[in-house]
Amino acid sequence: MKIEKMEVKKVKKRIVVFLLIGLMALSFNIPVLANEVYVTQYMSEAETQEITPFTEMTRSYWRNYGGQIQFRIWSITNARWLTDWIPI
């Protein structure tokens, strides 16, 4: 009975060792060299046109400061103030 248990443990140990070796072998990164391809060959006509920028999104903030109405412009696109407080 003890001999069978010892053999089962050895077999299980060997299986675990082989599985670990297999996982380690799969985890190695093997560099693959690719052929150089010119991107312009695959660009469609729409992609080769000139890029047009989008309009900057802004928001105005108003306040009453010392009885005087003032406003300031916040850039939503760049997340920064574009102006100081401007009296009206």
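Some notes on this structure:
- Cβ-Cβ under 6 Å pairs, at least 6 apart or on other chains, segment 45-58 side modelled with pLDDT of 70 or more, far side β-branched (Val, Ile, Thr) and assigned to a loop (DSSP other than H, G, I, E, B): Glu56/Thr77; Met57/Ile76; Met57/Thr77
- Only listed residue being of a type in the set (D, E, K, R) and at pLDDT below 85, chosen from Lys10, Lys5: Lys5
The values are calculated or read from the model by the stated rules, or taken from the named source; none is laboratory data. The structure displayed is predicted, hence computed values, not measured ones. All Cβ positions, glycine included, derive from the backbone under ideal geometry; neighbour counts span all protein chains shown.
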